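**Q** There's a structure below that I have some questions on.
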Amino acid sequence: MIIGIVLVVFAFNLAVPISQLASTVTRSTLGIAMASVLLSFLMMITRRKAIPQVIGFLAMENGLFFAATSATYGMPMVVELGIALDVLVGMLILGVFFFQIREQFDSLDLKHLEKLKEGE
């Protein structure tokens, strides 16, 4: 928890000189975006299981997207790349889940599940 607080303070202090040069309304959002990226990176480092690491990766990607859109007036290509990366990671998670289901039940066939339902 203390490391997370230190990272947030570091991110805001790092963003102060950059945000002073900006003339947009969203000057203070750069510190929030950098703090989000650093906290999600910390989550990816400290967690051992795959699901929290994937959640940390998605949070990092969203923080980078937030930083890119707050630093400029809008980036349609960044939006498309962010959506494509989210879909890619979602498919990766589904692949891991299907692999685990197949390992546990020896099949992904729905007939086996129907037999369980009829057997009640």
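The values are calculated or read from the model by the stated rules, or taken from the named source; none is laboratory data. No experiment lies behind these values; they were computed from the predicted model shown. Glycine gets a Cβ as well: all are built from the backbone with ideal geometry, and neighbour counts include every protein chain shown.
**Q** Condition test on residue 28, is it of a type in the set (S, T, N, Q) and at pLDDT below 85? Outline the logic, then answer.
**A** Working: of a type in the set (S, T, N, Q): yes; at pLDDT below 85: yes.
For residue 28, the condition - of a type in the set (S, T, N, Q) and at pLDDT below 85 - is met.
**Q** Out of the stretch 38-95, which residues are of a type in the set (D, E, K, R) and part of a helix (DSSP H, G or I)? Give the steps one after another, and end with the answer.
**A** Taking the stretch 38-95 as the starting set, the residues that turn out to be of a type in the set (D, E, K, R) are 47-49, 61, 80, 86.
Correct list: 61, 80, 86.
**Q** Could you say whether any residue in the stretch 59-79 is in contact with a Pro (Cβ under 8 Å, 6 or more places away or on another chain) and at pLDDT 85 or above?
**A** Residues of the stretch 59-79 that are in contact with a Pro (Cβ under 8 Å, 6 or more places away or on another chain), as a first pass: none.
Within the stretch 59-79, not a single residue is in contact with a Pro (Cβ under 8 Å, 6 or more places away or on another chain) and at pLDDT 85 or above.
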